[in-house]
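Here is the structure we will look at, set down as structure tokens.
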Amino acid sequence: MDNQPPAATGNDDQGTLSMDPTHTQALQQLRHLIPIGLRHAQTLLERCAGNPQLAAELYRSELLQVLVEKSGLPQEQAREHLLNAGYDLNRALHAIEEARFTLTQRILRKHHRDPGQALDLIAQAIETAEQLPRQYWLDFAALEQLPPAPRCFMILHEWLAFEGWEGFDSALHFHLPQAIAQFRLLQLDDLADTLEQADQRQQQLRAAHGGSEGPVELAMRINQDPLFNRCQDHFQQQRPLLDERLYQWVERHTEQFPA
């Protein structure tokens, strides 16, 4: 049977007009008792000799078996969830998920194949739960007040979002010491060293040429510098690893993330 029977429609009801009146009445009674589509209702009535009460019981029994298989709950608990959900399977499953898992755990479970999407949703949940002040970018002073695990997560998530939007060279001017500290907390020391080296090289070039070149020329010089480019290339090579590390970080510290 379908996991979630489709809702009744006006077209379905029109299709009953040409049926035997007794059968039509049985269909209407059955669909009043349970949320079931026309085709499935007809099949159940055929199996139950046109008795809507028996058909409704059979449907409830089928739904109960599906819910037990999907949730792993004992029958009595599963039956209670189905009853509370009005025998809507999706609503019952959602209620079980909410009872079993925190918001963060549900995000991780639902989006385990797309870590980037999971991280974005978790960041939104933290921002909402903590009412973090934002003026286009989040206030890093407020982020520093978070518990250790979400502080690390939010600083890096925001810094990486800035880097993706503004570029590597600009990101070196965006709360870099805080970001480097969190990279080291994740034991990404090689990446932290690369960022420090890129920042130092950028400062050297600005000190050497900032007085004689305009902003555009200086930016071109920095982005054409071989040492700076090696740092940038190394960062870009390591970038896919960062989502994986942050995802694992949340998994290890879910108790500090939104419930």
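Quick look at the values:
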| item | result |
| --- | --- |
| Qualifying residue in the stretch 188-199 (condition: at pLDDT 95 or above, in contact with a helix residue (DSSP H, G or I) (Cβ under 8 Å, 6 or more places away or on another chain), of a type in the set (Val, Ile, Thr) and within 30 Å of Thr128 (Cβ to Cβ)) | no |
| Near pairs, Cβ below 6 angstrom, 6+ apart or cross-chain, from the stretch 159-176 (in the same structural domain as Gln202 (by TED's automatic domain parsing)) to any residue that is outside any helix (DSSP H, G or I) | Phe162/Phe174 |
| Residue count for the stretch 143-161, restricted to those that are buried (at least 16 other Cβ atoms within 10 Å of the Cβ) and either over 25 Å from Cys231 (Cα atoms) or more than 20 Å from the chain's Cα centre (by Cα) (or both) | 5 |
| Any pair with Cβ under 7 angstrom, 6 or more apart, that starts in the stretch 111-124 at a residue that is touching a residue at least 24 places away in the same chain (Cβ under 8 Å) and ends at one that is assigned to a helix (DSSP H, G or I) and surrounded by fewer than 17 Cβ atoms within 10 Å (Cβ to Cβ) | Pro115/Glu244 |
| Qualifying positions in the stretch 86-142 - among the small types (Gly, Ala, Ser) and in a helix (DSSP H, G or I) | Ala92, Ala95, Ala99, Gly116, Ala118, Ala123, Ala125, Ala129, Ala141, Ala142 |
| Long-range neighbours under 7 Å by Cβ, at least six apart or interchain, first residue assigned by TED's automatic domain parsing to the domain that holds Phe162 and among the aromatic types (Phe, Trp, Tyr) within the stretch 133-144, second at pLDDT 95 or above and surrounded by 13 or more Cβ atoms within 10 Å (Cβ to Cβ) | Trp137/Glu158; Trp137/Phe162; Phe140/Ile155; Phe140/His175; Phe140/Gln178 |
| Scope the stretch 66-83; condition more than 26 Å from the chain's Cα centre (by Cα), surrounded by fewer than 18 Cβ atoms within 10 Å (Cβ to Cβ) and part of a helix (DSSP H, G or I); matching residues | Gln75, Glu76, Gln77, Glu80, Leu83 |
| Those residues of the stretch 128-169 which are basic (Lys, Arg) and closer than 21 Å to Ala259 by Cα, in sequence order | Arg151 |
| Residues of the stretch 40-72 satisfying the condition of being touching a residue at least 24 places away in the same chain (Cβ under 8 Å) and among the acidic types (Asp, Glu) | Glu62 |
| Residue in the stretch 226-253 that is farthest from Arg151 (Cα to Cα), counting only those that are modelled with pLDDT under 95 and in contact with a helix residue (DSSP H, G or I) (Cβ under 7 Å, 6 or more places away or on another chain) | Gln238 |
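This table checks each residue for (1) assigned by TED's automatic domain parsing to the domain that holds Leu242; (2) free of Cβ contacts under 8 Å to residues at least 40 places away in the same chain; (3) closer than 20 Å to Pro240 by Cβ.
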residue	(1), (2), (3)
Glu130	yes, yes, no
Pro148	yes, no, no
Leu191	yes, no, yes
Gln203	yes, yes, no
Ala208	yes, yes, no
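The values are calculated or read from the model by the stated rules, or taken from the named source; none is laboratory data. This one's a predicted model, so the numbers in the text were calculated from it and none came from an experiment. Every residue, glycine among them, receives a Cβ derived from its backbone with ideal geometry; neighbour counts consider all protein chains shown.
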